[in-house]
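The structure appears right after this line, and notes come after that.
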Amino acid sequence: MINLSRPNISEQAIESVARVLRSGQLVHGPESETFEQELAVYLGCREAILVSSGTAALHLALMALNIGSGDAVLVPDFTFPATANAVMAVGARPVLVDVSADTYNLDPQCLRQTIEGWRGAERLRAVMPVHEFGHPADMAAISGIAKEHGLYVVEDAACALGANLNGRKTGTFGDLACFSFHPRKTLTTGEGGLLTTDNPELARRTRRLRNHGMERTDSGMRFMEPSLNYRLTNFQAALGRAQLPSLDLWVNDRRELAALYVENLAAPAGEGLLTLPNADPGHSWQTFMVVLDGRFDRAEVIAKLKAVGIESNLGAQSMQEIGLYGDALDTCKVGPHLYAQGLALPLYERMTPDQIRQVSESLTAVLSGAD
Ligand SMILES: *Cc1c(COP(=O)(O)O)cnc(C)c1O
């Protein structure tokens, strides 16, 4: 079976986790502190704050900005539901914005229209662009619009560790940014996540919010405000640290494999059987998702690929179609189409060029009815 993705855990990484387990320092410790410093250097930001998941990072980001009841937050229609769920978790209202058909990311023009057409009772406070599948969102346009309207920017960079926009890493553009280390992402700690910011005040607030609202003072622990436990463990940090030096190599391998997909799927794309993803040079390719033409039943395509030993899946969800977040102001069209017809193909750095060819040939055969 060619799987959709495969975590890349070396024996050396396992050994570094074992060392932490033997040390007895399981929760916070030197591995987590060093990993935070290394991540800040890698990304080029002032502060990196480890948390227990990408969802925890999203939740804490909104808490740190004091977003809550009476507020509204703009989120892309096409994403993993954690983005919109975090908005609901602080008692705010998610406002859905359609995405672009080529990048699968928040469409800046739709963002502007949605903001200018907003008549809701809630106050718009923030926008959460998602770098979907590792494709960098158009941060220049989005940040410009946010600034005009006095909105915070919280990047959902869960898929986008290692991605960049003209050399500047995703996750360094917003007031805060959130990453995930779930096994489906390129670097994994099992569960895990990260918040980044250049703002020392927001960093301080986030650090105490991840740890019961507690700060250490000269006179001991002080609980400054009610909060939760969203800490990452020291042994998870060791697992992440062991992978970080390889990350850029892995992203590079993924870029080459994605380019090979584009080459091998050019024929069915030319015949209108599918649409290929936009190959931005800064893309980190957490997922390679094509969009099947409307004549195809995706479930059938997934089943036929599975029968020849290839795992595939849908890419992400349309928040509008899920129906948990109220109605979109303007009906989203692109997000629901990507949700219905998007097909994620196997991609991980240890795949071989032959496997990419095999997947491409099998998919082409299925779509041409020659299987
Ligand atoms: C994976 C993902 C998340 C959630 O991350 P977890 O670590 O699983 O909580 C959030 N947003 C997006 C876009 C994701 O892809």
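The values are calculated or read from the model by the stated rules, or taken from the named source; none is laboratory data. Model, not experiment: these values are computed from the prediction. In this analysis, Cβ positions are derived from the backbone assuming ideal geometry, glycine residues included, and neighbour counts consider all displayed protein chains. Accessible surface areas use protein heavy atoms only, side chains included; no ligands, DNA or RNA. Shrake-Rupley method; radii C 1.70, N 1.55, O 1.52, S 1.80 Å.
Some notes on this structure:
- In the context of the full protein assembly, residue 295 retains an accessible surface of approximately 150 Å², using a probe radius of 1.4 Å and ignoring ligands and nucleic acids.
- Subtracting the Cα-Cα distance of residue 314 and residue 350 from their residue separation scaled by 0.36 nm leaves 10.8 nm.
- Listed residues 60, 239 arranged by accessible area, highest first, probe 1.4 Å: 239, 60
- Nearest-10 value in Å² for the accessible area of residue 16, using the 1.4 Å probe: 20
- Length added when fully stretched, residue 109-residue 249, from 0.36 nm per residue minus Cα-Cα: 46.9 nm
- Between residue 89 and residue 365, the contour length at 0.36 nm per residue exceeds the alpha carbon distance by 94.9 nm.
- Among the GluC sites (Glu not before Pro) within region 1-93, not one is in coil by DSSP while having at most 11 neighbouring Cβ atoms inside 10 Å.
- To the nearest 10, the accessible area of residue 221 is 120 Å² with a 1.4 Å probe.
- Ranking 84, 219, 54 by how far each Cα lies toward the positive end of the dipole of region 11-246 (charges on Cβ) leaves 219 at the top.
- For the chain: span of alpha carbons on each principal axis (Å, largest first): 74, 56, 33
- Coupling constants for region 218-230 follow from the phi torsions by the Karplus curve (6.51 cos²θ - 1.76 cosθ + 1.60, θ = phi - 60°), and in residue order they are 4, 8, x, 6, 10, 8, 8, 6, x, 7, 10, 9, 10 Hz; glycine and proline get x.
- Straight Cα distances below 21 angstrom link residue 147 to the lysines 169, with same-chain residues fewer than 8 positions distant left out.
- Ranking by accessible area, most exposed first, for 32, 23 with a 1.4 Å probe: 23, 32
- List 235, 80, ordered by accessible area with a 1.4 Å probe, largest first: 80, 235
- Percent accessible area from carbon and sulfur atoms, region 11-246, protein chains only, probe 1.4 Å: 50
- Antiparallel DSSP beta bridges within the chain, percent to nearest 5: 60
- Built from the Cα atoms of region 247-368, the convex hull projects on average onto 8.6 nm², one quarter of its surface area.
- For region 181-195, backbone phi angles converted through the Karplus equation (6.51, -1.76, 1.60; θ = phi - 60°) give residue-by-residue couplings of 10, 4, x, 7, 8, 5, 10, 10, 10, x, 9, x, x, 8, 10 Hz, Gly and Pro being listed as x.
- Residue-wise HN-Hα coupling along region 51-59, computed from phi with Karplus coefficients 6.51, -1.76, 1.60 (Hz; x: Gly, Pro): 9, 7, 6, x, 5, 4, 4, 4, 4
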